[in-house]
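The values are calculated or read from the model by the stated rules, or taken from the named source; none is laboratory data. On a predicted model such as this, the values are computed, not experimentally measured, just so you know. Cβ placement follows ideal geometry from the backbone for every residue including glycine, while neighbour counts extend to all protein chains displayed.
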Amino acid sequence: MKIAIVGLGGSYADYISARVASQEFDEVWGINCIGGIIHVDKTFMMDPVSRFLDSENAGSQTGIAREFLKTNKKPIVTCQLDKRVKHLELYPLKEVATDLGFCYFNNTVAYAVAYAIWIKATKICLYGIDYTYKNVSMAESGRACVEFWISKCMSEDILI
């Protein structure tokens, strides 16, 4: 199974270019509210959806997240169910951690990559997973955790 995982970083444009060039994926998974912008088959949103619905803590993502949560009709894998949002599914943390032998997660992308290993994906293409940004003196935390899971992919012969 070939999966595209698409985040909100600027390199999500490379996903658009890949699709324009007729690249195909068995599934497209979105991180947080990217599904409000492009079609995704599944979303990983490991913050409780109440963060987006009940506060402004998501900053500029708040508006698009609220819109996406209201209109989405595909599965959203998350850490906590909320009756206000349809199609939420709990992340199978115990099963994934037990089967893979590790419980090292500190960001949503890491959860998605581990899930892909767990379901036996054969190829994972990452787009918009930008932990360092050009021309900006900002870097997100979580890069090392994602790199850990990517190394686990490589040891399982999953193409990245």
Search result, residues across the stretch 1-41 that are small (Gly, Ala, Ser) and part of a loop (DSSP other than H, G, I, E, B): Gly7, Gly9, Gly10, Ser11, Ala21, Ser22
Condition check for Asn72: at positive phi and either surrounded by 15 or more Cβ atoms within 10 Å (Cβ to Cβ) or in contact with a helix residue (DSSP H, G or I) (Cβ under 7 Å, 6 or more places away or on another chain) (or both): no
Residue in the stretch 133-151 that is assigned to a strand (DSSP E or B) and either in contact (Cβ under 8 Å) with a residue 24 or more places away in the chain or surrounded by 12 or more Cβ atoms within 10 Å (Cβ to Cβ) (or both) present: no
Conditions (1) at pLDDT 95 or above; (2) loosely packed, with under 12 Cβ neighbours inside 10 Å: number failed by Tyr115: (2)
Matching option when the condition is touching a Cys at 6+ places or on another chain (Cβ under 9 Å) and farther than 25 Å from Trp118 by Cβ, among Ala97, Ala58: Ala58
Matching residues, the stretch 42-59, being surrounded by fewer than 21 Cβ atoms within 10 Å (Cβ to Cβ), modelled with pLDDT under 95 and outside any loop (DSSP other than H, G, I, E, B): Ser50, Arg51, Leu53, Gly59
